[in-house]
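Down below is the structure, laid out as structure tokens.
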Amino acid sequence: MEKYISAFNEIDLLMEGLFERLNIGIGEINAYPSEDMFRIIVNKTEVESLKSINEMFAKNYFSEAHRLMSQNVYIFVNWWCDNLNFMSVDIPSLIASKEKELIISNAGKLRSGNFDKKRL
């Protein structure tokens, strides 16, 4: 459950940030297209959090994790459910592309790193 808590905390912060930028409260969220709001949040979410939430749905852990959700996270999870029905965002592809970005950025750090070249 720890990985879900971490993912939920990240989603909660991203949702709060989105509400601040739009200058709205949680009660006004329905005035905006949920598909667009969902896309904004998932694009900013770290890959490990996306994988955790995806796993939650794949393994049917929603009922267990539900008690850990804030109201913001619950709204996001409902958007996720809508997305599962309409596939406006291809979550597995998004996860794969974010993992690829991480691998490429880490490989770049390795190539440009200052390593000690002493022999053992």
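Matching residues to (1) within 15 Å of the chain's Cα centre (by Cα); (2) aliphatic (A, V, I, L, M); (3) over 28 Å from G27 (Cβ atoms):
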{"position": "T45", "(1), (2), (3)": "yes, no, no"}
{"position": "K51", "(1), (2), (3)": "yes, no, yes"}
{"position": "M56", "(1), (2), (3)": "yes, yes, no"}
{"position": "L68", "(1), (2), (3)": "no, yes, no"}
{"position": "N85", "(1), (2), (3)": "no, no, no"}
### Task
List the number of the failed condition for V73; all other conditions in (1) under 15 Å from the mean Cα position of the chain (by Cα); (2) at pLDDT below 95 hold.
(2)
### Task
Could you check how many residues of the stretch 85-100 are loosely packed, with under 11 Cβ neighbours inside 10 Å and at pLDDT below 90?
3
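The rows are residues; the columns are (1) outside any loop (DSSP other than H, G, I, E, B); (2) touching a Lys or Arg at 6+ places or on another chain (Cβ under 7 Å); (3) in contact (Cβ under 8 Å) with a residue 60 or more places away in the chain; (4) under 27 Å from K100 (Cβ atoms).
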{"site": "L14", "(1), (2), (3), (4)": "yes, yes, no, yes"}
{"site": "G17", "(1), (2), (3), (4)": "yes, no, no, yes"}
{"site": "I29", "(1), (2), (3), (4)": "yes, no, no, no"}
{"site": "I40", "(1), (2), (3), (4)": "yes, no, no, yes"}
{"site": "N43", "(1), (2), (3), (4)": "yes, no, no, yes"}
{"site": "S52", "(1), (2), (3), (4)": "yes, yes, no, yes"}
{"site": "M56", "(1), (2), (3), (4)": "yes, no, no, yes"}
{"site": "N60", "(1), (2), (3), (4)": "no, no, no, no"}
{"site": "S63", "(1), (2), (3), (4)": "yes, no, no, no"}
### Residue check, D82 at pLDDT below 95, charged (D, E, K, R) and surrounded by 11 or more Cβ atoms within 10 Å (Cβ to Cβ)
yes
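Quick grid of which residues meet (1) hydroxyl-bearing (S, T, Y); (2) surrounded by 13 or more Cβ atoms within 10 Å (Cβ to Cβ); (3) closer than 15 Å to I11 by Cα:
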| residue | (1), (2), (3) |
| --- | --- |
| F38 | no, yes, yes |
| I41 | no, yes, yes |
| E46 | no, yes, yes |
| L50 | no, yes, yes |
| E55 | no, yes, no |
| K59 | no, no, no |
| F62 | no, yes, no |
| L68 | no, yes, yes |
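The values are calculated or read from the model by the stated rules, or taken from the named source; none is laboratory data. Not measured: the values here are computed from a predicted model. Note that each Cβ is placed from the backbone with ideal geometry, even for glycine, and that neighbours are counted across all protein chains shown.
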